[in-house]
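The values are calculated or read from the model by the stated rules, or taken from the named source; none is laboratory data. These figures come from a predicted structure and were not determined experimentally. Ideal geometry is used to build each Cβ from the backbone, glycine not excepted, and the neighbour counts take in all protein chains shown. Just the protein is used for accessible areas: all its heavy atoms, side chains included, with ligands, DNA and RNA removed. Shrake-Rupley method; radii C 1.70, N 1.55, O 1.52, S 1.80 Å.
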Amino acid sequence: MYSNDGFRELGRLECLRLLGKVPVGRIVYTRQALPAVLPVTFCLDGDDAVVLCTSATSELVRAVDGTVVAFEADEVDAAAHSGWSVVVTGPATVVTDPLEHERLARNGPRSWAPWPRQVFVRIAAELVTGRELFGGRTLYGVDLTAWTWDG
């Protein structure tokens, strides 16, 4: 993020509070040496980690286990020209502890496409950043709703 781009930077606690408001985000990882983005359902766990649920045989599990990934979630109101975006960056690991898996199966995220063998992926929240824009106004008072873009 750039401090002069017109958006308000959000602190870690505010970012985590906003993440708790939405059920879907995007995991950003590397697939065959190229960037890949996949929408996923998620929840925040007690240690601020992002947890998602997927198939044990998915390409996603093989690609992210043990690697650093980014996770992004947002909420946008196009009519009001406002919204926020939060990015969590950290190592992703497949939950292998049976008790932890059982706890997450009861209280964790639910996949919209249920799998016969589901696994949970935990993304440690090592770096949490966010920004927001209210009502189409930048920090400098510029009204973005009045702008027209010539292209």
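For the range 1-103, the Kirkwood radius over C-alpha pairs fed into Stokes-Einstein at 20 °C and 1.002 mPa s yields D = 141 µm² per second. If the chain linking Val28 and Asp65 were pulled fully straight, counting 0.36 nm for each residue of separation and taking away their Cα-Cα distance, it would gain 12.0 nm. With all protein chains in place and ligands, DNA and RNA left out, the 1.4 Å accessible area ranks Trp112, Trp84 as Trp112, Trp84, largest first. Summing charges over neighbours of Ala125, with a neighbour being any other residue whose Cβ is under 11 Å away from its Cβ, gives -2 when K and R count +1 and D and E count -1. One chain, two ends: Leu44 and Arg106. Fully extended at 0.36 nm per residue, the span grows by 20.9 nm beyond their Cα-Cα distance.
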